[in-house]
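First comes the structure, then the notes that go with it.
The values are calculated or read from the model by the stated rules, or taken from the named source; none is laboratory data. The structure displayed is predicted, hence computed values, not measured ones. Cβ: placed from backbone, ideal geometry, glycine included. Neighbour counts: every protein chain shown. What goes into the accessible areas is simple: the full protein's heavy atoms, side chains included, and nothing from ligands, DNA or RNA. Shrake-Rupley method; radii C 1.70, N 1.55, O 1.52, S 1.80 Å.
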Amino acid sequence: DLRTKLLELNLGGRPALSQSQRAALSERGYLFAGEGGERAALRRVYEAYQRLGNSRPLQFVVCPTYYCNLACNYCFESIGLRARPEVMSGEQVDHLFVAVQKLAEERPGRRPQVVLFGGEPLLPITEQAVEAVLRRAAQAETPVHVVTNGTYLTRFVPLFLRHPGTMRGAQITLDGPPSIHNKRRIFR
């Protein structure tokens, strides 16, 4: 079968492929008549990747705090960072948007967007910072997304509704079905 022949090819063998197998592999871009065809295909993939990268937003990942209300054992943030309830100040938000504007100007054609991350960006202690980010983002016409554990999401809905053109989405992290999620997502 074709799978066996491809495995043999991968191991340095030279399996005999039928004409229909060769045609199918060539049509899908897996088999080339020569090195020139392969190089041309790689160049097309690279150029498409470049176009895609240049059309994607310029993302600024912002942590209003590294503090988190959960104590997940797999968290990549250090325990020391996520245990300190320090929050981004209004002055830091102002500096953030100066930097966003400057960096976006250096990359014309790439629209900036802010992603709120953390720790946990949506906590009672971060409400003022998140509101300041949304206010400044609205002035700069910069969309905002948030990555959250969702535990305080309903508290932030009224704030998000006041910025409908700015607040563009929320990614709520889950660890599988409730039986697994509730064992891994332990409250501090």
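Identify, from the list R51, R14, R3, the residue that is in a loop (DSSP other than H, G, I, E, B) and open to solvent by 90 Å² or more (accessible area, probe 1.4 Å).
It is R14.
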Residue in the stretch 82-89 that is open to solvent by less than 50 Å² (accessible area, probe 1.4 Å), free of Cβ contacts under 8 Å to residues at least 40 places away in the same chain and under 19 Å from the mean Cα position of the chain (by Cα) present: no
Could you check how many residues of the stretch 146-161 are open to solvent by 60 Å² or more (accessible area, probe 1.4 Å) and in contact (Cβ under 8 Å) with a residue 24 or more places away in the chain? 2
Search result, residues across the stretch 65-105 that are of a type in the set (F, W, Y) and either at pLDDT 80 or above or within 25 Å of R136 (Cβ to Cβ) (or both): Y66, Y67, F97
Show the residue pairs meeting these rules: Cβ distance below 8 Å; 6+ apart or different chains; first residue within the stretch 115-138 and free of Cβ contacts under 8 Å to residues at least 60 places away in the same chain and among the charged types (D, E, K, R); second residue open to solvent by 20 Å² or more (accessible area, probe 1.4 Å) and part of a helix (DSSP H, G or I). E127/R155; R136/D94; R136/L96
Cβ-Cβ under 7 Å, sequence separation 6+ or interchain: first residue in the stretch 24-37 and outside any loop (DSSP other than H, G, I, E, B), partner of a type in the set (A, V, I, L, M, F, W, C). Which pairs? L25/L31
Quick check on my filter: what residues within the stretch 140-154 are under 14 Å from the mean Cα position of the chain (by Cα) and among the hydroxyl-bearing types (S, T, Y)? T148
For residues in the stretch 170-188 being small (G, A, S) and over 19 Å from T65 (Cα atoms), which is least open to solvent (accessible area, probe 1.4 Å)? G176
Take P164 and tell me if it is over 27 Å from C75 (Cα atoms) and either among the hydrophobic types (A, V, I, L, M, F, W, C) or surrounded by 13 or more Cβ atoms within 10 Å (Cβ to Cβ) (or both). no
